[in-house]
Amino acid sequence: MNTVSVRSLLVRGMLAGLAAGCLALLVAYLLGEPSVDRAIGFEEAHSHDDHGVELVSRTLQSTAGLATGVLVYGVALGGIAALAFCVALGRIGRIGPRATAALLSLGGLLVVYVVPFLKYPANPPSVGDPDTIGKRTALYFLMIVLSVLLGVAAIFLGRALAPRLGTWWAGVVAVAAFVLMAGVAYAFLPVVDEVPADFPATVLWRFRLAALAIQCVLWAGFGLLFGHLAERLLVHRAGPDHSAQEVAEPVS
């Protein structure tokens, strides 16, 4: 793995993230936007304040605004995940680039999104006190940081235990330790429950399921696309006599 390979993988990761972002954008528009419209309608029906002139129209928010946010997020995710792939390749067993990308995407989805989501799930507009948005945002990002740190610690724990317990049982212990410590974080971090009593439960859960579906499509799309591109790049440069497993040697 040299500088040229890392740069090439970074570019391919960003392109894969962009393509995966296009798939996620389609899911966001078809599944997420209807719930957002219903939530905004609920907010307007229960608000007695005059909001004045709308600076950005709802149409622009649900089209160009949504596309910009999702695609920029996909490119950034692809670049960061590609760099993580360069570190992980050859260090999580003798598996090829495609399998490494798949495992990295699955781990990223669980650690970066699912674990924080279970503690602080996504909420549509009109859910939450505007005065506590700063606190809620800080708690959510704190949960992300804790989840990532716990995930990294679990990987080191599994590698340290592998020579004594074997790969399988070391992995089981590492996952159990991660779940235990994540549960401790859940218990100590404050609970945020600001859903209005009369807010439609169906709208709330459809929005949350749509948010989860967007992330699943984004991470899965990236893992599949980037794994294909990375394997083509690395196996091609290694030569026809080298298999994908032989390419996946740890970076010294």
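The values are calculated or read from the model by the stated rules, or taken from the named source; none is laboratory data. Predicted model only: the values in this text are computed from it and were never measured. Cβ atoms come from the backbone with ideal geometry, glycine included; neighbour counts cover every protein chain shown. Surface areas here come from the heavy atoms of the whole protein model, side chains and all, with no ligands, DNA or RNA. Shrake-Rupley method; radii C 1.70, N 1.55, O 1.52, S 1.80 Å.
Pairs of C-alpha atoms in the chain farther apart than 31 Å represent 35 percent of all such pairs. Peptide packing: for 210-217, 14-21, the average count of neighbouring Cβ atoms within 10 Å per residue gives the ranking 14-21, 210-217, highest mean first.
So, with a 1.4 angstrom probe, what is the percent of accessible area on the chain that is carbon and sulfur?
Numbers: 10200 of 14540 Å².
Looking at the chain in its full context, I get 70 percent from C and S.
Angle of helix 97-108 to the longest C-alpha principal axis of the chain, folded into 0 to 90 degrees and rounded to 10: 40°. The calculated 222 nm mean residue ellipticity attributable to helices in the chain amounts to -24500 deg cm²/dmol, summing -39500 (n - 2.57) over DSSP H runs of n ≥ 4 and dividing by all residues.
Free of any GluC sites (Glu not before Pro) that DSSP assigns to a loop and that have at most 14 other C-beta atoms within 10 Å, the longest stretch within the chain is 55-193.
Between helix 201-238 and the chain, what is the angle of the helix's C-alpha long axis to the longest principal axis, kept within 0 to 90° and rounded to the nearest 10? Helix 201-238 sits at roughly 20 degrees to that axis.
Between 0 and 90 degrees, the angle of helix 133-188 with respect to the longest Cα principal axis of the chain falls at about 20 degrees. Distance between the C-alpha centres of the range 86-117 and the range 135-204: 16 Å, rounded to the whole angstrom.
Over the chain, what is the relative contact order in whole percent, taking alpha-carbon pairs under 8 Å and six or more residues apart? Provide the component values of the computation, followed by the final result.
On the way: 267 pairs, mean separation 99.0, N = 252.
39 percent.
Distance in nm between label sites at CYS86 and VAL195, each 7 Å beyond Cα in the beta-carbon direction? Calculated label separation equals 4.3 nm.
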